[in-house]
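Report on one structure; see the data block that follows.
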Amino acid sequence: MQRWFCLFVIFASVGVATNYAYSQEISLATFQETAQVIIDKSISQNVTASITLQSTSIQEIKIPAELEQRIRENGRISAVTVTNQNQCVLGVNNESCILINVKRNPDDKNFAQIQNSTLQIAGQFIDEINEVFDTKAKLHSTFIHSSDDASVALETSGVISGRGTISAVYTMPMEDTDSMYEKISAILIPKVIRDSGGFYDVARNLSTQENSKMTFSIIPSDNKSLLQLRLSVNYPNAAPEINEISPLEFLKTDELKRSDYFSLGFYPLNSIFQVVVLSDEETKVSDVKGDITPTQVIGDERIPTDITNKGWVFDPQEGERIQGKYIFGKDTTITKKELEFSLGGEEFKSKQQEKLEVDESVIVVIIITIVAIAASVFYLKGYRK
């Protein structure tokens, strides 16, 4: 998570630098749309496609201001999650869940004390959460996390579980993803964003697919909460034979459009498409059909030299884990053909691959960007193997 936030800062830094060079006004918004395809040839053998809409503004993802503030200021709540993922925690089957994750109180020495402490905090919020989401979830159990498996399973940004976290688990009847996504997105996403299309339309269409699931999370931080709505589809055993990659096939669309919500300015970092390939043997990217964005290396990160241009940034572009991000530049649409590439074959050559040292001017730009982002922080999610 920290690595990708740093990458985001560097992306933004180059954007600011580009602004100086090309007089192009580059803006950042608190709302972000991200599409991701993970091809796992290493462990699960599955392909997972997802659309994530997220913001730190309660005007863009609408939850009551008082509820968000109370959750954030509680101090012990690490996340609130609403999901119809299968088995949200061990022991829950074929039910949708509301999880209120609470950091363990060091003074609690046994399970009874841990349970009582957790339920005392969760009990202050569950009725209002049920009211906000028009649900009737009832207490099922408390679950003590020994790892961050829940974060990985639910594919959320930020740490919502881990050693020392206890979930108060509330369950309700399992709901079809399309009806649940329609209801929850109507509650959370303002009409102006829903009517702006973009990744939201892709997620809405994808919600009708078999094996689609949705998750909404409130992840509090010191000053604001990250609000994240995710729709994912799992394709079991689809990964092993894939060597010709056409990512939009898994999102069930021939083109990916940016939201018109960004049409009044230039927001190149607020719509991102990402592909991750995990393999149990060395492989490499080849035969890329779309554009390759010229890049440079600052520190250990490969970044585009001009984010006004559309194209791929692969980092790494070979090995057992390949990761590529496609930026729109000034364009508003990516076609299916532009996102196609192959594994193996002759390795492509980026237009600019030299390693550059970070000079003083770049450091100044990074500092300026960090200050600017601090007022409206959001996270660019990366895949953690």
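The values are calculated or read from the model by the stated rules, or taken from the named source; none is laboratory data. The structure presented is a predicted model; accordingly, all values stated were derived computationally and were not measured. Quick reminder, even Gly has a Cβ in these numbers, built from the backbone with ideal geometry, and neighbours come from all protein chains shown. We work out accessible area using only protein heavy atoms, side chains counted, and drop any ligands, DNA or RNA first. Shrake-Rupley method; radii C 1.70, N 1.55, O 1.52, S 1.80 Å.
A compact table of results
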{"item": "Inter-residue pairs, beta-carbon under 7 Å, first farther than 15 Å from Ala137 by Cα and free of Cβ contacts under 8 Å to residues at least 40 places away in the same chain and in the stretch 89-113, second open to solvent by less than 100 Å² (accessible area, probe 1.4 Å) and of a type in the set (Ser, Thr, Tyr), 6+ apart", "result": "Asn105/Ser117; Asp108/Ser117"}
{"item": "Given (1) in contact with a helix residue (DSSP H, G or I) (Cβ under 9 Å, 6 or more places away or on another chain); (2) in contact (Cβ under 8 Å) with a residue 12 or more places away in the chain; (3) not in a strand (DSSP E or B), number of the condition Thr118 does not satisfy", "result": "(1)"}
{"item": "Residue identified as modelled with pLDDT of 95 or more, part of a helix (DSSP H, G or I) and over 25 Å from the mean Cα position of the chain (by Cα) among Glu131, Glu68", "result": "Glu131"}
{"item": "Given (1) in contact with a Phe, Trp or Tyr (Cβ under 7 Å, 6 or more places away or on another chain); (2) at pLDDT below 95, index of the condition Ile126 fails", "result": "(2)"}
{"item": "One residue from Thr135, Thr83 being in contact with a Ser or Thr (Cβ under 7 Å, 6 or more places away or on another chain) and among the polar types (S, T, N, Q)", "result": "Thr83"}
{"item": "Identity of the residue in the stretch 290-309, out of contact with any helix residue (DSSP H, G or I) (no Cβ under 8 Å at 6 or more places or on another chain) and open to solvent by 30 Å² or more (accessible area, probe 1.4 Å), that ends up farthest from Asp331 (Cα to Cα)", "result": "Asp300"}
{"item": "Residue selected from the stretch 310-344 under the condition assigned to a loop (DSSP other than H, G, I, E, B) and among the small types (Gly, Ala, Ser), by the criterion most open to solvent (accessible area, probe 1.4 Å)", "result": "Gly344"}
{"item": "Members of the stretch 92-113 found to be touching a Ser or Thr at 6+ places or on another chain (Cβ under 8 Å) and either open to solvent by 70 Å² or more (accessible area, probe 1.4 Å) or modelled with pLDDT of 90 or more (or both), listed by number", "result": "Val92, Glu95, Ser96, Cys97, Ile98, Leu99, Ile100, Asn101, Val102, Lys103, Arg104"}
{"item": "Residues located in the stretch 259-310, provided they are acidic (Asp, Glu) and free of Cβ contacts under 8 Å to residues at least 60 places away in the same chain", "result": "Glu281, Glu282, Asp291, Asp300"}
{"item": "Every residue from the stretch 120-138 that is buried (at least 17 other Cβ atoms within 10 Å of the Cβ) and under 11 Å from Ile100 (Cα atoms)", "result": "Ile121, Ala122, Phe125, Ile126, Ile129"}
{"item": "The stretch 157-184, subset open to solvent by 10 Å² or more (accessible area, probe 1.4 Å) and within 16 Å of the chain's Cα centre (by Cα), residue modelled with the lowest pLDDT", "result": "Gly158"}
{"item": "Strands (runs of 3 or more DSSP E) contained entirely in the stretch 185-289, each with at least 1 residues that are open to solvent by 10 Å² or more (accessible area, probe 1.4 Å) and touching a Leu at 6+ places or on another chain (Cβ under 6 Å)", "result": "212-220, 271-286"}
{"item": "Filter result (outside any strand (DSSP E or B) and farther than 19 Å from Ser78 by Cα) within the stretch 91-109", "result": "Gly91, Val92, Asn93, Asn94, Lys109"}
{"item": "Meets criteria (within 25 Å of Gln274 (Cβ to Cβ) and buried (at least 16 other Cβ atoms within 10 Å of the Cβ)) for Ser42", "result": "no"}
{"item": "Near pairs, Cβ below 8 angstrom, 6+ apart or cross-chain, from the stretch 207-222 (under 9 Å from Tyr181 (Cβ atoms)) to any residue that is crowded, with 21+ Cβ neighbours inside 10 Å and of a type in the set (Lys, Arg)", "result": "Met214/Arg230"}
{"item": "Residue list for the stretch 293-331, filter: more than 26 Å from Ile43 (Cβ to Cβ), at pLDDT 90 or above and not aliphatic (A, V, I, L, M)", "result": "Lys310, Gly311, Phe328, Gly329, Lys330, Asp331"}
{"item": "Leading residue by the ranking (most open to solvent (accessible area, probe 1.4 Å)) among those in the stretch 45-89 that are out of contact with any strand residue (DSSP E or B) (no Cβ under 7 Å at 6 or more places or on another chain) and farther than 25 Å from Ala168 by Cβ", "result": "Gln59"}
